[in-house]
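K.L.:
Got a structure for you, written out below as structure tokens; questions coming shortly.
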Amino acid sequence: MTMTGERFAALWGSLSPIGRAGGDGGYLRHSWTDTDLVCREWFVEEALDRDLEVEVDRNGNLWAWWGSPEGDGAVVTGSHLDSVPHGGGYDGPLGVVSGLLAVDRLRERGVTPSRPIAVVVFTEEEGARFGVPCLGSRLLTGAFDPAQALRLQDRDGIYLADAMGKAGLDVDALGPDPSRLARIGAFVELHVEQGRALDVLDAPVGVASGIWPHGRYRLDFSGEGNHAGTTRMRDRHDPMLTLAHTVLAADEAARAHGAHATVGRVDVAPNATNAIAARASAWLDARAADGDTLDRLVGAIQQRAEERARHDGTRVTLAAESVTGEVAFAGDVSRLAALELGAPVLPTGAGHDAGVLSKHVDTGMLFVRNPTGISHAPQESASDADCAVGVEKLTDLLARLSQ
Ligand code: GLV
Ligand code: MN
Ligand code: MN
């Protein structure tokens, strides 16, 4: 293995035990939990070991600076450390570890940047705890209302305000940070690929062309709770039936629109074996290659849900929790990455902080091959050798951008 590969394995090995669940080996790294705080401490220690200046911004994102945080035209790289429930280890942390190692490699190569360089860790990228993905970057850029953020609750009813306050954040300061944003000249997020395109192309690293528009929608179904043994089938108003038909309709509509629709989370009340449910909620994740198709897809699913609710004598409402428009990485950073790195260029259906930043900052993304193609699950993978290539390519790009 190359020296970068060995260094990658060593640094990776210091982070990878944190938050790994017993059993399936997936990760439980939800923002502002004790595990997340240990991940954040890990990052701060690694940054300080490198003589980087560490800052926590007003939204809880972590920044490690080589050069002045007040300087203009900063070149920023990084990703996130939080995970989905039982997620893989690479989604997020790969970009953070690679960013730290790229700083080491720039120094070893004798690069003297003429702009500040920073490694950033965005908070709550997955939205796994508080429901809104890329919350740290959305708050930073003003794409999400801070008052609404403070009212977000996790599944145990804990408010984001309390979770962040407990971790020592001044939650009254949450909100847009235009001067910080204005000081960033370029942002590059390196990420594990969340499909198998690079494996098929036999390429260790790729460059992102854009991100599909996507959204999260909450469907609330209500009916009539009743006895499972005594209620005649024709007398029922069962919201679970409406939910089940809606899940099937979402799958059908996504296939018909050449899009993606997923219901991966449901909540049923009272959740009893011998009672017809009174209420149920389902979260729809919908994504498509363009915004019109996404709107038509969600409209079709809503229509089918409402039709079925009329048939079942139940009620259904659909509300968007977060919607992200189409992202095209078409600026200098992305062009430079595609030209200089000689890597394949791919679109993705996955959301990233880079997509949020791209509305304000010249932004690009690199992907590292994931031989299983699996992500948001424990089987997500990347070899140390490919990760080392990712670090070297990221270093090449940062060296060019920081001149
Ligand atoms: C983020 O990982 C997303 O696309 O859901
Ligand atoms: Mn993810
Ligand atoms: Mn990610």
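K.L.:
Kindly provide the trypsin sites (Lys or Arg not before Pro) of segment 104-206 that DSSP labels as loop, not H, G, I, E or B, and whose Cβ sees at most 13 other Cβ atoms within 10 Å. Spell out each step's value before the answer.
P.N.:
Values: sites: 105, 107, 109, 129, 138, 151, 155, 166, 180, 183, 196; in loops: 109, 129, 151, 155, 183, 196.
Passing sites in segment 104-206 are 109, 151, 155.
K.L.:
So if each residue of separation counts as 0.36 nm, and I subtract the Cα-Cα distance between residue 233 and residue 383, what length gain in nm does that give? Intermediate results must be reported in sequence, preceding the final value.
P.N.:
Values: separation 150, 0.36 × 150 = 54.00 nm, distance 5.43 nm.
So the chain would gain 48.6 nm between residue 233 and residue 383.
K.L.:
Rounded to the nearest Å, what's the spacing between the alpha carbon centres of segment 80-145 and segment 308-379? Just the number, please.
P.N.:
Here the answer is 15 Å between Cα centres.
K.L.:
If each residue of separation counts as 0.36 nm, what is the full-extension length gain between residue 158 and residue 24 once their alpha-carbon separation is subtracted? All intermediate terms of the calculation are to be shown ahead of the outcome.
P.N.:
Working: separation 134, 0.36 × 134 = 48.24 nm, distance 2.67 nm.
Additional length available on full extension: 45.6 nm.
K.L.:
For segment 49-166, count the residues as N, evaluate 2.2 N^0.38 Å, and divide the Cα radius of gyration by that value, please.
P.N.:
Details: Rg = 15.8 Å, N = 118, 2.2 N^0.38 = 13.5 Å.
Ratio of Cα Rg to 2.2 N^0.38 Å: 1.17.
K.L.:
Going by amide H atoms built from the backbone, whose H comes under 5 Å of the H on residue 129, apart from near neighbours?
P.N.:
31
K.L.:
Another one. Helix-only estimate, please: 222 nm mean residue ellipticity of the chain, summing -39500 (n - 2.57) across DSSP H runs of length 4 or more and dividing by its residues, to the nearest 500.
P.N.:
Working: 13 runs with 148 residues, N = 403.
One gets -11000 deg cm²/dmol as the mean residue ellipticity at 222 nm.
K.L.:
Place the peptides 343-354, 17-28 in order of packing, highest mean first, counting for every residue the other Cβ atoms within 10 Å and averaging per peptide. It would help to have the intermediate numbers written out before the result.
P.N.:
Details: 343-354: 21.3, 17-28: 15.7.
Ranked from most to least packed, the peptides come out as 343-354, 17-28.
K.L.:
Take each uninterrupted DSSP H stretch in the chain, measure its Cα extent along the helix axis, and return the ones at 15 Å or beyond whose mean Kyte-Doolittle hydropathy is at least 0.0. Present the calculation step by step, with values, prior to reporting the outcome.
P.N.:
Values: long enough: 3-15 (19 Å, 0.36); 34-49 (22 Å, -0.25); 93-108 (23 Å, 0.65); 239-257 (26 Å, 0.39); 291-312 (31 Å, -1.16); 384-401 (25 Å, 0.44).
Result, helices passing both filters: 3-15, 93-108, 239-257, 384-401.
K.L.:
Based on the Cβ-Cβ distance of residue 251 and residue 16, what FRET efficiency does E = 1/(1 + (r/R0)^6) give at R0 = 25 Å, to the nearest 0.05? Could you put the intermediate results ahead of the total?
P.N.:
On the way: r = 35 Å, r/R0 = 1.38.
Working from the Cβ atoms, E equals 0.15.
K.L.:
Grab the beta carbon distance between residue 68 and residue 321, set R0 = 35 Å, and tell me the FRET efficiency rounded to 0.05.
P.N.:
On the way: r = 38 Å, r/R0 = 1.08.
Efficiency, rounded to the nearest 0.05: 0.40.
K.L.:
Applying a 10 Å radius around every beta-carbon, put 325-331, 130-136, 116-122, 9-15 in order of their mean neighbour count, most first.
P.N.:
On the way: 325-331: 17.3, 130-136: 24.7, 116-122: 27.1, 9-15: 15.3.
Going by the mean number of other Cβ atoms within 10 Å, highest first, we get 116-122, 130-136, 325-331, 9-15.
K.L.:
Rank-order 58-68, 357-367 by packing density, defined as the average count of other C-beta atoms within 10 Å over each peptide's residues, highest first. Kindly include the intermediate steps, with their values, before the conclusion.
P.N.:
Working: 58-68: 21.5, 357-367: 23.6.
Top to bottom by mean Cβ count within 10 Å: 357-367, 58-68.
K.L.:
Return the sequence-ordered ³J(HN,Hα) values of segment 358-365 in whole Hz as given by the Karplus equation 6.51 cos²θ - 1.76 cosθ + 1.60 applied to θ = phi - 60°, using x for Gly and Pro.
P.N.:
Along segment 358-365, the couplings run 4, 6, 10, 9, 4, 10, x, 9 Hz.
K.L.:
Is the shape of segment 1-68 best called rounded, prolate or oblate, per the rule: a/c under 1.5 gives rounded, else a/b larger than b/c gives prolate, else oblate, with a ≥ b ≥ c the square roots of the Cα gyration tensor eigenvalues?
P.N.:
Details: a/c = 3.03, a/b = 1.12, b/c = 2.69.
Oblate, because a/c is 1.5 or more while a/b does not exceed b/c.
K.L.:
Where does the charge balance sit around residue 241 when Lys and Arg score +1, Asp and Glu -1, over other residues with C-beta under 9 Å from its C-beta?
P.N.:
Values: positive: 236, 308; negative: 238, 312.
Net local charge, residue 241 excluded: 0.
Every number in this text was worked out from the coordinates using simple rules, so none of it is lab data. Predicted model only: the values in this text are computed from it and were never measured. Note that each Cβ is placed from the backbone with ideal geometry, even for glycine, and that neighbours are counted across all protein chains shown.
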